[in-house]
Amino acid sequence: MQRAAGPIVTIDEGVALLLAGEVVAFPTETVYGLGANALSDEAVSRVFEIKGRPAGNPLIVHVSSEGMARALCDVWTPQAQAVVERFWPGPVTIVLPKSGMVPERVTAGGATVAIRCPDHPVGRALIERFGGPVVAPSANPSGTTSPTAPAHVVSSFGGRVAVIDGGLCERGIESTVLDLTGPEPVVLRPGAVDRVELSWVLGSEPVLVSGGGVGGAGAARSPGVVGRHYAPKARVVVFEGSEWPDVVSRVHALHPGSMALITHRTDRFVPPPHVTYFLQNDAGAYARDLYAGFRSADAHGASALLIERPPEGVAWEGVWDRIRRAASGDEPG
Ligand code: TXA
Ligand code: MG
């Protein structure tokens, strides 16, 4: 088979880059990650630099086994064990007290570490063959939309970052971040696994503290959930079904030019030159395609992106969180 041109590399080439202290972007089931050796202060610094990430925002450490995770933690609780047994490999990140093995740069000086085992054969093979933990924030410049395809990584970083091609990400939004360090488990970032699913092993639904937006309770505990993340370039306006169709002319008057619409309802439509992007009325399928919708609005050069508020319910919390952040006027953190 012919090798793809440009920055696309094989798993073994990716391993060699990690061993050399370099970064490599790799697929997970949620989004593409920008990987580096988690135990090398220098390699981790490179990730912060390339991504333009504030040093105060800690990274998730990716592992290929429970054993690898345990070595990174000072304590391993029965709850951690239960969550890992049920959801790993998969999109649940657990936060636990860190061991001395984890460099401070990874945790932004904090005493806790966030860990997950990705459910993607290519991503896991990379970590396994490398033989150690790999830090990986989403492989996008800080504050922009996370990549769900290799081409998204290439379009952000060009030849600066090598990418292992693992196709499209099945989940499409980032992992659920579950803090297990307090008296009660807390969801710091809703994600691909919802709180009802977590209650299957935790006994009750964990509280969600990331919902408050800037300055909310989640802000202090999970620095990366502050402000305008996951953001397209177009001005994002979220509307309720009852505002249709008046919202179209209202937004058009405020933001002249072409407009994009994201909706889960097949009876909504904006005529050309505007563009309509339908997402399925199913939380998992909607999540999978949401970031592609953001990108399609930008590719279209839309000055405004109208997003119809998705259905209520715990299953939609991850999706709703990403939309709310994209719509917030705050600068990227
Ligand atoms: O699905 C995902 O989680 C993707 C893929 C690549 O695995 N990764 C990802 O990483 O979304 P990133 O860096 O974009 O987001 C990590 C989130 C941030 O909100 C960060 O603040 C939080 O996890 N986080 C990391 N370490 C933490 C810690 N020790 N305590 C609390 N929150 C933490
Ligand atoms: Mg990110």
#### Entry: Answer from Glu205, Glu243 - the residue that is modelled with pLDDT of 95 or more, away from ligand 2 (no atom under 16 Å from the Cβ), of a type in the set (D, E, K, R) and over 16 Å from Ala304 (Cβ atoms)
Glu205
### Query
Does any residue in segment 72-95 that is free of Cβ contacts under 8 Å to residues at least 24 places away in the same chain come within less than 6 Å, Cβ to Cβ, of a residue that is within 12 Å of ligand 1 (Cβ to nearest atom) six or more places away or on a different chain, and which pairs are these?
Val75/Pro97
#### Entry: Output for segment 51-62, where each listed residue is within 13 Å of ligand 2 (Cβ to nearest atom) and crowded, with 17+ Cβ neighbours inside 10 Å
Lys51, Arg53, Asn57, Pro58, Leu59, Ile60
### Query
Mind checking whether some residue in segment 97-108 is part of a strand (DSSP E or B), surrounded by 20 or more Cβ atoms within 10 Å (Cβ to Cβ), of a type outside the set (Asp, Glu) and more than 16 Å from ligand 2 (Cβ to nearest atom)?
yes
### Query
Does segment 133-155 contain at least one residue that is at pLDDT 95 or above, β-branched (Val, Ile, Thr) and farther than 27 Å from Glu22 by Cβ?
no
### Message
Step by step: first the residues of segment 284-295, then only those that are buried (at least 18 other Cβ atoms within 10 Å of the Cβ) and without any contact (Cβ under 8 Å) to a residue 60 or more places away in the chain, then the one that is farthest from Val270 (Cα to Cα). Which residue is that?
### Response
Tyr286
### Message
Within segment 113-155, take every residue that is buried (at least 20 other Cβ atoms within 10 Å of the Cβ) and among the polar types (S, T, N, Q) and give me the one that is nearest to ligand 2 (Cβ to nearest atom).
### Response
Ser138
### Message
Regarding segment 59-66, can at least one residue be identified that is free of Cβ contacts under 8 Å to residues at least 40 places away in the same chain and more than 13 Å from ligand 1 (Cβ to nearest atom)?
### Response
no
### Task
With the condition kept exactly as written, say whether any residue in segment 86-94 is over 16 Å from Val163 (Cα atoms), of a type outside the set (Ser, Thr, Tyr) and part of a strand (DSSP E or B).
yes
### Message
Against the definition (small (Gly, Ala, Ser), within 16 Å of ligand 1 (Cβ to nearest atom) and within 26 Å of Val187 (Cα to Cα)), how does Ala285 come out, yes or no?
### Response
no
### Message
Return the residues of segment 24-48 that are over 13 Å from the mean Cα position of the chain (by Cα) and farther than 16 Å from Glu128 by Cα; say none if nothing qualifies.
### Response
Ser40, Asp41, Glu42, Ala43, Val44, Ser45, Arg46, Val47, Phe48
### Query
Which members of segment 102-133 meet the condition of being away from ligand 1 (no atom under 12 Å from the Cβ) and on the phi > 0 side of the Ramachandran plot?
Gly131
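The values are calculated or read from the model by the stated rules, or taken from the named source; none is laboratory data. Here the structure is a predicted model, which means the values were calculated and not measured. Here the Cβ is made from the backbone with ideal geometry for all residues, glycine too, and neighbour counts use every protein chain on show.
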